[in-house]
Amino acid sequence: MDTYPFFKWCDETSLAHAIRGNTWAFPLIETIHILALTVLLGGILLMDLRMLGIGIRRIPVARMQNQLASYINVSLVVGIVTGFLLFISEALKAYDNQAFRPKITLLAMATIFHYTAHSKATSSATPGGPGWAKIAAVVSIVLWFGVGAAGRAIGFV
Amino acid sequence: MSLLDICQSLQDMGPATALRESQFMFPVIEGSHLLGLALMMAPVLMFDLRLLGLLWKKEPASEIRNQFLPITISGGVLMVVTGTLLFWSEAVKCYNSTYFRVKVIMLILATINVIIFHSTIDRRINEWENDWPPPSRAKLAGAMSILLWTGVIFAGRYTAYNL
């Protein structure tokens, strides 16, 4: 399926023009994107460290989920919204960027995993999570750090 | 020898030059500095929100401190090591960057806030950790922490893109 027309269309929207036309827009949106990813990645990392029994050992996994869920959900939404704005303002560059598609693929995988298997593990009644919690934690860390690394790579490739 | 001369000498050293000119190592170090942010700052945010009385309301403050802050220390070590390497490789540009100077000032202020908190109100944490709402000095420490570390992140981002 040829996605080029979609990327071109995005690049030519008035929203894209508006962001490109304002010197402060892109840096500000990007800084918010980075703050969102810090909260998102950080929150998920804390849950995963707990599931691995590293550092946090006394707070039950379900309690962590309960306290962190809103922060993770909101920062994910903010990250996606700001990410989308960053994308449309440079959609044609993104089309040619080797790290962009891997990032989106990893983001989709990480998000789906987070709200399915990972969520099942963190709602466990067992304080440390189910037996397979450690596996879920490692998968989660690998996927989300993959998103982060691919995202950073966008600037380098 | 001026500070600028010192920065020039630092970045002329072998390892600094190698890092600056590397294809792979520099992105890895810089990427680790960014991703290490999450490791360092998430536990801090959790503890600050507890100090503000917004989260972890069932747990005594010392429990949140003891469970989360050791992770911050590991993250902090990663940030200091990667940050030092990054500075070393680009010392002159950092010296000349207003954004970087602001970042250094924010880092110093954030560290002072940490020192003040841990040497005063934190010493007496067992006296107030179950109080609701938390004492105003605890709330102030939490609020200042969030503000100052956010300032460091903002200044850091602007430094990176203007170096």
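Some observations on this one:
- Cα extents of region B:31-163 along the three principal axes, largest first (Å): 49, 23, 23
- Taking A:SER123, B:SER32 and ordering them by how much accessible surface each has at a 1.4 Å probe, largest first, produces A:SER123, B:SER32.
- The Cα center of region B:1-39 and the Cα center of region A:75-153 differ in position by 29 Å.
- Between the helical axis of A:25-52 and the longest alpha-carbon principal axis of chain A there is an angle of about 20 degrees.
- Helical segments meeting 18 Å axial Cα length and Kyte-Doolittle -1.0 threshold in chain B (DSSP H): B:25-51, B:61-89, B:98-119, B:136-160
- Residue order by solvent-accessible surface for B:MET46, B:MET25 is B:MET25, B:MET46, largest first, with ligands and nucleic acids left out and a 1.4 Å probe.
- The residues B:TRP149, A:TRP144, sorted by heavy-atom accessible surface at 1.4 Å with ligands and nucleic acids left out, run B:TRP149, A:TRP144 from largest to smallest.
- Buried solvent-accessible surface, both chains (A, B), 1.4 Å probe, Å² to nearest 100: 2900
- Relative contact order for region A:4-153, counting Cα pairs under 8 Å that sit 6 or more residues apart, in percent: 34
- For region A:4-153, the alpha-carbon radius of gyration amounts to 1.18 times the rule-of-thumb value 2.2 N^0.38 Å expected for a compact globular protein.
- Exposure of B:ILE108 as accessible area (Å², to 10), given a probe of 1.4 Å and all protein chains: 90
- Under 15 Å, Cβ to Cβ, from B:GLN11 - net charge with Lys/Arg +1 and Asp/Glu -1: -2
- Using only the C-alpha atoms, the convex hull of the protein assembly as shown corresponds to 148 Å³ per residue.
- Backbone phi angles across region A:67-84, fed through the Karplus curve with coefficients 6.51, -1.76 and 1.60 (θ = phi - 60°), yield HN-Hα couplings of 7, 8, 3, 5, 5, 5, 4, 5, 5, 5, 4, 4, x, 5, 5, 5, x, 5 Hz in residue order; Gly and Pro are listed as x.
- Between the listed residues A:THR13, A:VAL138, A:TYR115, the Cα displaced farthest toward the positive end of the dipole of chain A, a dipole computed from Cβ unit charges relative to the Cα centre, is found at A:VAL138.
- Charge dipole magnitude, Cβ of K and R +1, D and E -1 - the protein assembly as shown, Cα centre, debye nearest 20: 740
- Lys, Arg +1 and Asp, Glu -1 on Cβ, resulting dipole of region A:4-153 about Cα centre, debye, nearest 20: 580
- A:ARG63 accessible area, 1.4 Å probe, all protein chains in place, Å² to nearest 10: 40
- Rolling a 1.4 Å probe over the protein chains gives B:HIS118 an accessible area of about 70 Å².
- For region A:1-63, the solvent-accessible area of protein heavy atoms averages 51 Å² per residue (probe radius 1.4 Å; ligands and nucleic acids excluded).
- Chain B - charge dipole about Cα centre, Lys and Arg +1 at Cβ, Asp and Glu -1, debye rounded to 20: 360
The values are calculated or read from the model by the stated rules, or taken from the named source; none is laboratory data. Note that this is a predicted model, so its numbers are computed, not measured. So basically every Cβ, Gly included, is an ideal-geometry build from the backbone, and we count neighbours across all protein chains shown. Accessible surface areas use protein heavy atoms only, side chains included; no ligands, DNA or RNA. Shrake-Rupley method; radii C 1.70, N 1.55, O 1.52, S 1.80 Å.
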